1. Within 10 Å of each residue's Cβ, count the other Cβ atoms and sort Arg241, Arg14 from fewest upward.
2. Return one number: the angle in degrees, 0 to 90 and rounded to the nearest 10, between the long axis of the Cα atoms of helix 66-86 and the longest principal axis of the Cα atoms of the chain.
3. Using just the helices of the chain, give the 222 nm mean residue ellipticity in deg cm²/dmol: DSSP H runs with n ≥ 4 each add -39,500 (n - 2.57), and the total is spread over all residues, rounded to 500.
4. Which net charge results for the neighbourhood of Glu51, defined as the other residues with beta-carbon distances under 13 angstrom from its beta-carbon, given Lys and Arg at +1 and Asp and Glu at -1?
5. For Val231, Val153, what ranking results if the residue with the fewest other Cβ atoms within 10 Å of its Cβ goes first?
6. Taking Cα atoms, how many degrees apart are the long axis of helix 197-207 and the longest axis of the chain, rounded to 10 and kept between 0 and 90?
7. Checking the table Lys161/Lys227; Lys78/Lys159; Lys44/Lys249 against a 20 Å threshold on Cα-Cα, which pairs fail?
8. If you take every DSSP beta bridge fully contained in the chain, what fraction is antiparallel? Give it as a percent rounded to 5.
Amino acid sequence: MDNKIEPAIDTEIRVLAEIARDQPEVNQSNVANRVNITPQAVSKIVKNLIEKGFLKQEESNYLITKEGVDRLTREFNKIEDFCKDIRENVIEEYETVIAIADTEINAGDRIGLVMDNGVLKAIGDNQVGAEGYAVTSASKGEELRVEDISGIVDFDLGKVKLIKVPLPEDGGSNFLEDLDIIEDSEKYGWDLIAAVGSPGLAATNKIGLEPDLYFGVHKGVVDAAIKGLNVLVLGLEEDIRDIKEELDKYKIETQIITN
């Protein structure tokens, strides 16, 4: 490793990485300086890492174990995925975007950008959170490219209700008969209904709801919630768990319903 670990990374992981960098002759004071904690704190973390099986001590030397390498790999893969997502879906997206014209727009116009029901729209009023210049002309309802964007598009994150559908041998979608999901859908105005796999589809059929998302649900639910849509999701426990983990990364409000 040539680059220092950034402070945003968990302290225990940073200590483990720095020890891997210096092994086998590890100076805990040097590790403490690089991680910006006290030598006493490093000593305590090292003890914990040994107890967890991520480090082993041979006389006065410390060596990272296979389990420790696996832990580092998992953690840095998560960070790489997060950075890639931010780079591709936040930074690059807002350097230049394609939006739907909400009115007649000419190339060179200074326009505003708003999120409307999950759709990025260009409006004539530039006194909003985000604004930019139209690269192309467009009539209402047509697409146009916008560049030189400044500010932030104003919108709230959506909410997601996750309903765990039991396995068929445990009753399957029959447990939904005791839930007022249709009334709930009307009350909270879910923008999208998502069915994960056959169990999710059977569940929506059982309660008379037509799913808007069936393929690519995991990514679709996260994308929709990020763009301010409220989503109702039905699927098996493992699918619900995976979706919630992704939603938690973006601090999206969720509620889980189980039998």
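Quick note: the coordinates plus some simple rules give every number you see, no bench work behind them. Since we're looking at a predicted model, the values are computed, not measured. Counting neighbours? That spans all protein chains shown, and the Cβs are built from the backbone with ideal geometry, glycine included.
1. Details: Arg241 13, Arg14 22.
Ascending number of Cβ neighbours within 10 Å: Arg241, Arg14.
2. Computed tilt is about 30 degrees.
3. Working: 9 runs with 100 residues, N = 259.
After summing the helix terms and dividing by the residues of the chain, the value is -11500 deg cm²/dmol.
4. Numbers: positive: Lys44, Lys47, Lys52, Lys56; negative: Glu12, Glu67.
It works out to a net charge of +2.
5. Numbers: Val231 27, Val153 20.
Least to most surrounded, the residues fall as Val153, Val231.
6. 40 degrees
7. On the way: Lys161/Lys227 16 Å; Lys78/Lys159 24 Å; Lys44/Lys249 29 Å.
Flagged as over cut-off: Lys78/Lys159; Lys44/Lys249.
8. On the way: 23 of 40 bridges.
Antiparallel bridges make up about 60 percent of those DSSP assigns within the chain.
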